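**Student:** My questions all concern the structure below.
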Amino acid sequence: MIDMGIEPFLVASATNLILAQRLIRRICPYCKAEITLHPEILRELEIDEEEAKNMAAYEGKGCIECNNTGYKGRQGVFEVMPISPSIRDLILDRAATSELRRQAMAEGMLTLREDALLKLKNGLTTAEEVLKETAANER
């Protein structure tokens, strides 16, 4: 908004929360099967081997219910950044986006990737969906 010409004090005073969201495909519950994730995928997701041992991963094999796609429905993943006093100050100081993000994460914000990883660990989606829908946000 600041890049569009809105003054930082207006952005800081008028904004209470910023939300980013994506939809990821849900694994079909009718053909869901446990799998072992390839080490390269684990590396891309930044999941260490020890954590992977305690984590079940799934994929849909394809069936009549999901039209042989392995997916049925969608699930939202969210990144919610409340505007705290420290973030408000950063906005007023025209801080870089990376600095705002760093501060929000220090205050407990889950990134899109982190929320998608929770969905993966809960068996709702696949590693491929997590990578596909959150890759651009993690740069």
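The values are calculated or read from the model by the stated rules, or taken from the named source; none is laboratory data. Worth saying up front: this structure is predicted, and the values here are computed from it rather than measured. Every residue, glycine among them, receives a Cβ derived from its backbone with ideal geometry; neighbour counts consider all protein chains shown.
**Student:** If I filter segment 84-136 down to residues being assigned to a helix (DSSP H, G or I) and basic (Lys, Arg), which single residue comes out as farthest from Ala52 (Cα to Cα)? I'd like the intermediate steps shown before the answer.
**Tutor:** Quick first cut of segment 84-136, residues assigned to a helix (DSSP H, G or I) only: 85-92, 97-106, 112-121, 127-134, 136.
Retained after the next criterion (residues that are basic (Lys, Arg)): 88, 101-102, 113, 119, 121, 132.
Working: Arg88: 38, Arg101: 27, Arg102: 26, Arg113: 17, Lys119: 15, Lys121: 10, Lys132: 20 Å.
Ranking the candidates gives Arg88 first.
**Student:** Go through the residues of segment 71-88 one by one and say whether even a single one is surrounded by 12 or more Cβ atoms within 10 Å (Cβ to Cβ) and free of Cβ contacts under 8 Å to residues at least 12 places away in the same chain.
**Tutor:** At the first step, the residues of segment 71-88 found to be surrounded by 12 or more Cβ atoms within 10 Å (Cβ to Cβ) are 71-75, 77-84, 86-88.
Subsequent filtering for residues that are free of Cβ contacts under 8 Å to residues at least 12 places away in the same chain retains none.
Checking segment 71-88: not a single residue is surrounded by 12 or more Cβ atoms within 10 Å (Cβ to Cβ) and free of Cβ contacts under 8 Å to residues at least 12 places away in the same chain.
**Student:** Of the residues Ile6, Ile47, Ile18, which single one is surrounded by fewer than 16 Cβ atoms within 10 Å (Cβ to Cβ), on the phi < 0 side of the Ramachandran plot and not in a strand (DSSP E or B)?
**Tutor:** Values: Ile47 fails: surrounded by fewer than 16 Cβ atoms within 10 Å (Cβ to Cβ); Ile18 fails: not in a strand (DSSP E or B).
Selected residue: Ile6, the only one of Ile6, Ile47, Ile18 that is surrounded by fewer than 16 Cβ atoms within 10 Å (Cβ to Cβ), on the phi < 0 side of the Ramachandran plot and not in a strand (DSSP E or B).
**Student:** Looking only at segment 97-129, count how many residues are in contact with a Lys or Arg (Cβ under 9 Å, 6 or more places away or on another chain) and either modelled with pLDDT under 90 or over 30 Å from Ala33 (Cβ atoms) (or both).
**Tutor:** 1
**Student:** Select from segment 54-83 the residues that are farther than 18 Å from Glu114 by Cβ, small (Gly, Ala, Ser) and part of a strand (DSSP E or B) and list them in ascending order. Even if it seems obvious, please write down each step before you answer.
**Tutor:** Residues of segment 54-83 that are farther than 18 Å from Glu114 by Cβ, as a first pass: 56, 58-74, 83.
Applying the additional criterion that residues be small (Gly, Ala, Ser) yields 56, 60, 62, 70, 73.
Selection gives Gly60, Gly73.
**Student:** Working only within segment 11-52, note down all residues that are over 20 Å from the mean Cα position of the chain (by Cα) and of a type in the set (S, T, N, Q).
**Tutor:** Ser13, Thr15, Asn16, Thr36, listed by residue number.
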